[in-house]
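Heads up: the structure comes next, in C-alpha cells.
The values are calculated or read from the model by the stated rules, or taken from the named source; none is laboratory data. From a predicted model like this one, the values you see are computed outputs, not experimental measurements. Using ideal geometry, Cβ is built from the backbone for each residue, glycine included, and neighbour counts are taken over all protein chains shown. Note: areas computed on protein heavy atoms with side chains; ligands, DNA, RNA excluded. Shrake-Rupley method; radii C 1.70, N 1.55, O 1.52, S 1.80 Å.
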Amino acid sequence: MISDIHGCVDQLNELLEAVEYVPLKDTLILLGDYVDRGPRSKETVERIKELVTMHNAIALRGNHDQRLIDLVHLDEEETRTKFLKYGGIQTLQSYCDFVIDPLHDELFEKARHHIREHYYSHIQFLDSLPLFHEDSQHVYVHAGLNPKYPDWRTQPAHDFMYIKAEFHDSKPCTDKTVIFGHTRTMELQDSADVWFGIGKIGIDGACAYGKQLNCLIYDQGHYYSKHICNH
Ligand SMILES: [Mn+2]
C-alpha cells in the first residue's frame, strides 16, 4: 500500500523496486493523491494508469485528483483558487511546458485547455477511480471513515477524500483495519513513518514535503514497512 505520491514518480519507482514488487504475486493498492506539489504529476498519472491497466493494481481517487478533474471540467473560481493554493501550479507545469510561476489568467486558461485537449485520457482515468476498496482484512480509503455513518459505505464522497480529526479521534464503524493516507503521519506522531493506531493505519509519509514515501506491506497477518527518503 502506498499513498500521496504527489508527483514523486521517481520515489514511487524506487520504492516499488525496494519492496521487490512482483505484479503477478503482489496486490498493489494506491490510496490516491497522485498529482500536485511534487515535480512530475503527468508521469505519475501515466505510471499509475499503467500499473492499474497492465498489472491489476488498485488505485483510489484522492482529493487532489478530484480537484484536477473538476478544474478541467468546470469553470469555477473556487476550484481554481483551491487548486493553485494546494500545489496545482506544479501539476500545470508538469503537463504544460509553457506555464510560468506566477501564472496569469490567460495562461491558466491555456493550460486547462491544453490538458483537456492532449491529456483527457488522464482525466477520464482519474475520474474512473473508486473512493474505497475492501478485502477480508482491510478497508482502504484516501482520507478516512466518518463515524456518524454506521454503514461507512454510504458516507459522502467528500468524507472519503477529506475527513481528518473526526476519523482520527474515533473508533471506525468496521471490524476491519482501515488503511488511509491524506493526513501526514507527522501530524499524528513524531515521525514520517507509518502510523499504527487502534483499528487504523496511516501511511502518508509527506514525500512531497521532502520527507518520505512509505510502503506498508501486509503478508500473512503481519505488517512491515519500507520507505524511500525524498531529501
Ligand atoms: Mn489528500
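Considering only 39, 150, 102, the mean-square fluctuation computed in a Gaussian network model of the chain, springs between alpha carbons under 10 angstrom, is largest for 102.
Taking the Cα centre as origin and putting +1 on Lys and Arg beta-carbons and -1 on Asp and Glu beta-carbons, what dipole magnitude results for the chain, to the nearest 20 debye?
Values: 23 positive and 36 negative charges, 58 e Å.
In debye, rounded to 20, the chain gives about 280.
With a/c under 1.5 counting as rounded, go ahead and sort segment 185-224 into rounded, prolate or oblate using the C-alpha gyration tensor (a ≥ b ≥ c being the square roots of the eigenvalues; past the cut-off, prolate if a/b is larger than b/c, else oblate). Since a/c reaches 1.5 but b/c is at least a/b, the shape of segment 185-224 is classed as oblate.
Summing +1 for each Lys or Arg and -1 for each Asp or Glu among the other residues whose beta-carbon sits under 9 angstrom from that of residue 69 gives -1.
Here the Gaussian network model covers the chain, with springs between Cα atoms less than 10 Å apart; of 188, 12, 216, 188 fluctuates the most. Spin-label pair residue 134-residue 73: with each label point 7 Å from Cα along the Cα-Cβ axis, the two points sit 2.4 nm from one another.
Note down the net charge around residue 32, summing +1 for each Lys or Arg and -1 for each Asp or Glu among other residues with Cβ under 12 Å from its Cβ. All intermediate terms of the calculation are to be shown ahead of the outcome.
Numbers: positive: 61, 67; negative: 4, 33, 36, 65, 204.
Around residue 32, the charge tally is -3.
The antiparallel fraction among DSSP beta bridges confined to the chain stands at about 55%. Note that the chain presents 48 Å² accessible area per residue, ligands and nucleic acids not counted, probe 1.4 Å.
For every helix of n ≥ 4 consecutive DSSP H residues, a contribution of -39,500 (n - 2.57) applies; sum these over the chain, divide by its total residues, and give [θ] at 222 nm rounded to the nearest 500 deg cm²/dmol.
Working: 9 runs with 86 residues, N = 231.
Counting only the DSSP helices, I get -11000 deg cm²/dmol.
Using only alpha carbon pairs under 8 Å that are at least six residues apart, calculate the relative contact order of segment 82-231 and give it in whole percent. Let's see the in-between values first.
Working: 223 pairs, mean separation 18.9, N = 150.
Relative contact order, segment 82-231: 13 percent.
Legend: distances between Cα atoms for 49/171; 82/110; 25/49; pairs beyond 23 Å are 49/171. For segment 121-231, with all protein chains in place and a probe radius of 1.4 Å, 50% of the accessible heavy-atom surface sits on carbon or sulfur. Remark on residue 178: its backbone amide H falls under 5 Å from those of 139, 200, 201, a criterion applied only to residues 5 or more positions apart or on other chains, H modelled at 1.01 Å from N.
Taking 0.36 nm per residue of sequence separation and removing the Cα-Cα distance, the residue 154/residue 113 pair yields an extension gain of 11.3 nm.
When a/c is below 1.5 the answer is rounded, else prolate if a/b is larger than b/c, else oblate, so apply that to the chain with a ≥ b ≥ c taken from the square roots of the Cα gyration tensor eigenvalues. Before the final figure, lay out the partial values.
Numbers: a/c = 1.72, a/b = 1.44, b/c = 1.20.
Prolate is the answer for the chain, as a/c is 1.5 or above and a/b outweighs b/c.
With contacts taken as Cα pairs under 8 Å and at least 6 residues apart, segment 39-128 reaches a relative contact order of 40 percent. Split the accessible area of segment 8-57 by element, probe 1.4 Å, and carbon with sulfur accounts for 47%.
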